[in-house]
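Down below is the structure, laid out as structure tokens.
The values are calculated or read from the model by the stated rules, or taken from the named source; none is laboratory data. The structure presented is a predicted model; accordingly, all values stated were derived computationally and were not measured. Note that we place each Cβ from the backbone using ideal geometry, even for glycine, and neighbour counts take in every protein chain shown.
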Amino acid sequence: MTFSLAGRCSQTGRIGFTVATSSVCVGARVGAIADGCVVFSQARTDPRLHAVGITAWQRTQDAAETLAAMREAATSPHWRQLGILTAEGTPLHHTGASCLDHCGGLEGANSLALGNFLGSADVLPEMIRAFEQASGSLEDRLQAGMLAGEAAGSEREPLQSAALKVLGAEGLMDADLRVDFSTDPLKDLGVLWTDWAPKAAAYRLRAIDPDSAPSSAEVEGRPAQA
């Protein structure tokens, strides 16, 4: 009961994903990013499979072998939805026979959409279309894809949580945002992104060069402490 979208930016090479579901805390359970790839484990989710996928990717640098390792490690793979998108744009996926319709995966030129228990067969195509046609940052394009999927049918039950994660340079996340419990999680995720986007560079600088970084009060627009 989840739909997710991984994407890459062909200009910058950045990769990331976003996900929403009708249960709480999806950001704790679905999706992981490492240098060079995004992996998904969803439907009847086993978050341990993310580590299996990341380890396989780091060892092989091969999308097919990574997906095969996740499937082999999965208990009852007929309940699992698995996916990988690499920074080179290679998308692969698996949807088990017991996943609830509408379900499946769809590959774009620079994206991968997965979903199960969807409200219509149009959800995944609309996610890919909107992502591939959108302009702006990778974060903006991922959110455009999710909103298009929501408008095309979403899930059969009301959404409760969502997450957005994009990996940047030096192994730091450019975005790592979660809405764990909400009646409109994709809208609330957009509000979080609007707040975070102008602050992200400053917090990156705090990690890389703290001597040159602004104070948190400056970043957050609070009065400086006396």
Requested in this report: Kindly establish whether residue 93 is surrounded by fewer than 18 Cβ atoms within 10 Å (Cβ to Cβ) and touching a Gly at 6+ places or on another chain (Cβ under 7 Å).
Outcome: no
Report task. Six or more apart or on different chains, Cβ under 7 Å: which pairs go from a residue in segment 34-62 that's free of Cβ contacts under 8 Å to residues at least 24 places away in the same chain to one that's not in a helix (DSSP H, G or I)? Could you list them? Result -> 47/29; 47/41; 50/32; 50/39; 50/41; 54/32; 54/34; 54/39
Query raised in the report: Yes or no: residue 140 modelled with pLDDT of 95 or more, surrounded by fewer than 16 Cβ atoms within 10 Å (Cβ to Cβ) and outside any loop (DSSP other than H, G, I, E, B)?
Result: yes
Query raised in the report: Across segment 150-183, what is the total count of residues that are within 19 Å of residue 200 (Cα to Cα) and among the β-branched types (Val, Ile, Thr)?
Result: 2
Query raised in the report: Considering segment 155-189 alone, what residues qualify as being surrounded by fewer than 21 Cβ atoms within 10 Å (Cβ to Cβ) and among the small types (Gly, Ala, Ser)?
Result: 168, 169, 171, 182
Report summary line: Taking segment 110-127 and keeping residues surrounded by fewer than 23 Cβ atoms within 10 Å (Cβ to Cβ), farther than 16 Å from residue 84 by Cβ and either of a type in the set (Ser, Thr, Tyr) or in contact (Cβ under 8 Å) with a residue 60 or more places away in the chain (or both) leaves 117, 120
Query raised in the report: Which residue, of 49, 114, 67, is modelled with pLDDT of 95 or more, in a strand (DSSP E or B) and in contact with a helix residue (DSSP H, G or I) (Cβ under 8 Å, 6 or more places away or on another chain)?
Result: 114
Query raised in the report: Got a number for residues in segment 1-38 being crowded, with 24+ Cβ neighbours inside 10 Å and part of a helix (DSSP H, G or I)?
Result: 1
Query raised in the report: Can you name every residue in segment 143-158 that is more than 17 Å from the chain's Cα centre (by Cα) and in a loop (DSSP other than H, G, I, E, B)?
Result: 152, 153, 156, 157, 158
Report task. Determine, yes or no, whether residue 41 is in a strand (DSSP E or B) and farther than 24 Å from residue 135 by Cα. Result -> yes
Query raised in the report: Quick one: is residue 98 of a type in the set (S, T, N, Q), touching a helix residue (DSSP H, G or I) at 6+ places or on another chain (Cβ under 8 Å), surrounded by fewer than 24 Cβ atoms within 10 Å (Cβ to Cβ) and modelled with pLDDT of 95 or more?
Result: yes
Query raised in the report: Which one of the conditions (1) within 16 Å of the chain's Cα centre (by Cα); (2) assigned to a strand (DSSP E or B) does residue 132 fail to meet, given that it meets all the rest?
Result: (2)
Requested in this report: Check off (1) surrounded by fewer than 22 Cβ atoms within 10 Å (Cβ to Cβ); (2) over 18 Å from residue 146 (Cα atoms) for residue 50 and give me the number that stays unchecked.
Outcome: (1)
